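Right, one structure below, let's go through it.
The values are calculated or read from the model by the stated rules, or taken from the named source; none is laboratory data. Note that the coordinates shown come from a computational prediction; the quantities given were computed from them, not determined experimentally. Every residue, glycine among them, receives a Cβ derived from its backbone with ideal geometry; neighbour counts consider all protein chains shown. Remember, those area values only see protein heavy atoms, side chains included, never the ligands or the DNA or RNA. Shrake-Rupley method; radii C 1.70, N 1.55, O 1.52, S 1.80 Å.
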Amino acid sequence: MRIDGKTKVYGIFGWPVEHTASPALHNAAFEHLGINACYVPFPVETVDLEKAVEGIRAAGVCGVNVTVPHKMEILRYLDEVKDSAVRLRAANVVVNRDGVLLGYNTDAEGFRRALEHAGVEAADQDVVVLGAGGAARSVVRAFQKAGVTSIALFNRTREKAVLLAEEFSGFGAPIDVWSFSDPDVDTLFENSMILVNATSLGLRDGDPLPLEGKYIRQKHTLIDLIYEPRETRFLATGRERGALTINGYGMLVFQAMEAFTLWTGEKPPLKVMWDAGLEKL
Ligand code: ATR
């Protein structure tokens, strides 16, 4: 990579941010396409977020990704929030268009494309989503767009799931909030084809499963949004049962590819980005 006076700067706002794989993905793509740009981590604490956003304009940073914990908070500091980010009430991409900051969200589209890449047909399926945080919102949005038949939502804090279901009702497949104590829960898992772990359970060694293993069947497709570790206990249990298992790495790469196109207008190289990120992890 050659840095000179014309190099465009992109980056990622997060806290902590040192473990991010995004610089590896984007820098590999810039290099592959011969684009004079670089992508760097910006460790931004919550108290500094507003000043950091001001800094995008002031220093002519061309665009940033936004990650934990800033995805929702950043909306209030942007000039325009695009549809993809409005519905999710969170942005993971900022585009600096001549000093006007535009907020987008590419997580749902990243999830949808990751499914497609893995050969998973979600249309007309009954699906289960575990979790009701920011990641779960992107998954619900993607499933509604993909034309699933129904979405069963489980969350430790039921109230959050109820709010999510209300917010997304009327925009696609119906969302029903479930508890593991519901009498028909066995039938639900018998009839569902795709199970997604959108909780943070599995990030740490020794985390419990996000649901009892007895619900996982061979016919299921199991998707975990976690990609580090590459195989969570959730996915390992599915693999042992003979289920198809997919981790969150595809979603990471495809949300990055969507961001890359918003910034550069170019079609990003999938394999180059995929391999560069894996090398980093
Ligand atoms: P993200 O942006 O990654 O979705 P988040 O918004 O903090 O992160 O959401 C984390 C999700 O994991 C939530 O659904 C959370 O459940 P609560 O709403 O009850 O907090 C879930 N989660 C985190 N720790 C959990 C645990 N120990 N058991 C069950 N669910 C857990």
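Just a few scattered comments:
Listed here are the residues, each with its yes/no results for (1) hydroxyl-bearing (Ser, Thr, Tyr); (2) surrounded by fewer than 18 Cβ atoms within 10 Å (Cβ to Cβ); (3) farther than 25 Å from MET273 by Cα; (4) not assigned by TED's automatic domain parsing to the domain that holds SER200.
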residue	(1), (2), (3), (4)
GLY34	no, yes, no, yes
ASP48	no, yes, yes, yes
LYS51	no, yes, yes, yes
ALA58	no, yes, yes, yes
VAL64	no, no, no, yes
LYS71	no, no, no, yes
VAL81	no, no, yes, yes
VAL100	no, yes, yes, yes
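- Hits in the stretch 224-253 - residues which are within 14 Å of the ligand (Cβ to nearest atom) and either at pLDDT below 95 or within 26 Å of ALA276 (Cβ to Cβ) (or both): ASP224, LEU225, ILE226, TYR227, GLU228, THR232, GLY248, MET251, LEU252
- Hey, VAL162 within 19 Å of the chain's Cα centre (by Cα), at pLDDT 95 or above, open to solvent by less than 60 Å² (accessible area, probe 1.4 Å) and among the β-branched types (Val, Ile, Thr) or not: no
- Residue tally, condition in contact (Cβ under 8 Å) with a residue 60 or more places away in the chain and either assigned to a loop (DSSP other than H, G, I, E, B) or within 20 Å of ARG156 (Cα to Cα) (or both), over the stretch 202-226: 4
- Put simply, of VAL120, VAL129, VAL139 the only residue that is in contact (Cβ under 8 Å) with a residue 60 or more places away in the chain, buried (at least 23 other Cβ atoms within 10 Å of the Cβ) and outside any strand (DSSP E or B) is VAL139.
- Residues located in the stretch 179-211, provided they are surrounded by 17 or more Cβ atoms within 10 Å (Cβ to Cβ) and either within 14 Å of the ligand (Cβ to nearest atom) or of a type in the set (S, T, N, Q) (or both): SER192, VAL196, ASN197, ALA198, THR199, LEU201, GLY202, LEU209, PRO210, LEU211
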